[in-house]
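The values are calculated or read from the model by the stated rules, or taken from the named source; none is laboratory data. These figures come from a predicted structure and were not determined experimentally. So basically every Cβ, Gly included, is an ideal-geometry build from the backbone, and we count neighbours across all protein chains shown.
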Amino acid sequence: MTSLPPPALELKAVTKRYGPVTALGGVDLRLDRHSVLGLVGENGAGKSSIISVINGTARPSEGQVLVAGRPVTLGSPAEAARAGIATVFQEQGLVANLLVYENILLGRERQFSRAGILGAAAMRRFAGNVLGELGIAIDPDAVTGALTFGERQLVEIAKAFALGHLYPVEPIVLLDEPTSALSDRETEILFDSIRRWRSKASILLVSHRLSDVFAVCDAVTTLKDGRVSGHWPIDSATPDLLHEAIVGRPRSAGYYKEHEQRETFGEPVLELVDVEVSGQLRPVSLSVRAGEIVGVAGVLGSGKTTLGHVITGALRPSRGAIRVHGRPLRPGSRAAALAADIGSVPAERNVAGVIGMHSVQSNLVLPSIRSFAGRFLPILSGRRQAQTTDRWIQRLRIKTAGRNQQIRNLSGGNAQKVVFAKWLARGVRVFVLDDPGRGLDVGAKEEIYALLRSLARDGVAIVLISENLPEIIGLSNRIITFRGGAVSAEIPAPAHDKPSETAVVTNMV
Ligand SMILES: Nc1ncnc2c1ncn2[C@@H]1O[C@H](COP(=O)(O)OP(=O)(O)OP(=O)(O)O)[C@@H](O)[C@H]1O
Ligand SMILES: [Mg+2]
């Protein structure tokens, strides 16, 4: 009898507890050599915990991790790297003021120095080759901090794959939601490199986009509440099967709640008149009425994110006027935007959305408290703050040990739900959302969509910026497309007559 070669990686009955929280309860997982395994599950299901246990960031409380059939105890990410395990984390870890090639080889410089002298030229050449092999057109000499979010993500990915050249082992690459910050084009580049690298590596891919799984994975494992709830070779998996294994119930038909879409609106709430940002945004005029959802579509760098920044006061326009309920808004001031009841869910949420060291409660009540600053008495009592927090934890099903849990101990998607909750708790008249579905599982997205519908019903004016076309078409009353920093079209999107994706894309490229 010939025995098959062992899988690249195996987890046997792995349990992980964080204090009273059981993140993983007896997980068996198998990653075959030269294959791509998709790992999907709700926010807080334990996906990142599996990655931490494999890459030495966390020790399993029970169970075993096997690499090439042999049990290993990996005490640190550095140790894991020597075993060939590289990770692209959910939150980015590059050093902004280093050059791209320095980041790619961070911690591995010794391999490039001779007699104590750092071989910068060799490092640069090496990094350039890795980027080239992956088909990533980024200059190894660029300053990392000057790159876009998506480009930095591609550098992280190159850094992980570089490991295969640095150690005499076949790399196991762990990707934790690598596509959530990437544009469609960048996602294609990543998938091309994954396909190219499959013959040299074994890859575990965590994603909330089922389309990612079907595009590059050979098999998929679903996780629910810290346990494996299903496993399929990709040919026998379907979106509906996965959806049910992830959420625990079948997918509902009205995902975007089109039947709840308003078709008549109140008075204009948000008005932009010839708003311009030199070099980034050509003059835009726009009016959003009470109860209206206006979608803003465009590729990366088209101006759509800039528009959001201008409305929320993060960026000062060089010209033009913004009015809320007819009153002029002081430009470039977050405080003024807040005072005008403009809420925002920014694209880079771990930077601008929440404070990791603070608790769920203090993050959640933050904008409400600030809006009362300067008065003699804090309006919210401690008890009411706690009640409000608990109500939103329940309503959005935020998975947390409690309202005093630090945000950084929440799973990525649950931290994002807190960003929503803080605005919903405070109440807003204008809500600007940049890519609201990012990092959220299919069930959580559906809940957020339902909430947006109910905000619209209550007369909130909503600006929905997104690269997700089905989402923007499904939710919006009308869609504004951007191209090269200017509005290229305005497309009506009533519930009974939604435009096709092609009709929208044509105006974006
Ligand atoms: N350091 C920690 N301390 C306490 N609890 C933690 C810690 N890390 C993770 N958890 C908890 O473990 C559970 C699983 O979290 P994990 O980050 O693995 O989820 P996930 O599947 O990656 O979710 P997401 O899709 O939102 O990223 C969550 O309930 C989370 O709050
Ligand atoms: Mg995660």
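Before moving on, here are some points about what is shown:
- Looking only at the stretch 473-509, and only at residues there that are surrounded by 19 or more Cβ atoms within 10 Å (Cβ to Cβ) and assigned to a helix (DSSP H, G or I), the one that is farthest from the chain's Cα centre (by Cα): Val504
- Qualifying residue in the stretch 24-33 (condition: under 18 Å from Asn409 (Cβ atoms), among the hydrophobic types (A, V, I, L, M, F, W, C), at pLDDT 95 or above and within 15 Å of ligand 1 (Cβ to nearest atom)): yes
- Checked against the criterion of being over 16 Å from Ala86 (Cα atoms) and of a type in the set (Asp, Glu), the stretch 144-154 has at least one qualifying residue.
- Complete set of residues in the stretch 165-183 that are surrounded by fewer than 22 Cβ atoms within 10 Å (Cβ to Cβ) and in contact with a strand residue (DSSP E or B) (Cβ under 8 Å, 6 or more places away or on another chain): Glu170
- Filter pass, Ile393 being surrounded by fewer than 23 Cβ atoms within 10 Å (Cβ to Cβ) and under 30 Å from Thr264 (Cβ atoms): no
- Residue in the stretch 37-64 that is farthest from ligand 1 (Cβ to nearest atom), counting only those that are assigned to a helix (DSSP H, G or I) and closer than 21 Å to Asp218 by Cα: Ile54
- Of all residues in the stretch 393-449, those satisfying the criterion of being more than 25 Å from His243 (Cα to Cα) and of a type in the set (Gly, Ala, Ser) are Ala401, Gly402, Ala425, Gly427.
- Looking across the stretch 184-206, the residues that are away from ligand 2 (no atom under 16 Å from the Cβ), touching a strand residue (DSSP E or B) at 6+ places or on another chain (Cβ under 7 Å), outside any helix (DSSP H, G or I) and of a type outside the set (Ser, Thr, Tyr) come down to Arg198, Ala201, Ile203.
The rows are residues; the columns are (1) surrounded by fewer than 21 Cβ atoms within 10 Å (Cβ to Cβ); (2) at pLDDT 95 or above.
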{"residue": "Asp235", "(1), (2)": "yes, yes"}
{"residue": "Leu241", "(1), (2)": "yes, no"}
{"residue": "Gly248", "(1), (2)": "yes, no"}
{"residue": "Ala253", "(1), (2)": "yes, no"}
{"residue": "Tyr256", "(1), (2)": "no, no"}
{"residue": "Glu260", "(1), (2)": "yes, no"}
{"residue": "Thr264", "(1), (2)": "yes, no"}
{"residue": "Pro268", "(1), (2)": "yes, yes"}
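- Only one entry of Val220, Val269 meets the criterion of being assigned to a strand (DSSP E or B) and in the same structural domain as Arg438 (by TED's automatic domain parsing), and that entry is Val269.
- Subset of the stretch 443-487 [among the aromatic types (Phe, Trp, Tyr) and more than 15 Å from Val505 (Cβ to Cβ)]: Tyr449
- Among the residues making up the stretch 127-156, those that are without any contact (Cβ under 8 Å) to a residue 40 or more places away in the chain and under 20 Å from Gly93 (Cβ atoms) are Ala127, Val130, Leu131, Ile138, Ala146, Glu151, Leu154.
- From the list Glu151, Glu133, the one residue that fits, being over 30 Å from Thr305 (Cα atoms), assigned to a helix (DSSP H, G or I) and in contact with a helix residue (DSSP H, G or I) (Cβ under 8 Å, 6 or more places away or on another chain), is Glu133.
- Remark: Asp218 falls outside the filter, which requires a residue to be acidic (Asp, Glu), within 13 Å of ligand 1 (Cβ to nearest atom) and in contact with a strand residue (DSSP E or B) (Cβ under 8 Å, 6 or more places away or on another chain).
- Residue tally, condition closer than 19 Å to Arg289 by Cβ and among the polar types (S, T, N, Q), over the stretch 461-477: 2
- Pick from the stretch 160-185, criterion away from ligand 1 (no atom under 16 Å from the Cβ) and under 27 Å from Ala45 (Cα atoms), ranking: farthest from the chain's Cα centre (by Cα): Pro171
- Any chance Ser52 is in contact with a strand residue (DSSP E or B) (Cβ under 6 Å, 6 or more places away or on another chain) and in the same structural domain as Cys217 (by TED's automatic domain parsing): no
- Single condition Leu106 does not satisfy, out of (1) buried (at least 22 other Cβ atoms within 10 Å of the Cβ); (2) part of a loop (DSSP other than H, G, I, E, B): (1)
- Test result for Ala68, more than 26 Å from Ser202 (Cβ to Cβ) and surrounded by fewer than 21 Cβ atoms within 10 Å (Cβ to Cβ): no
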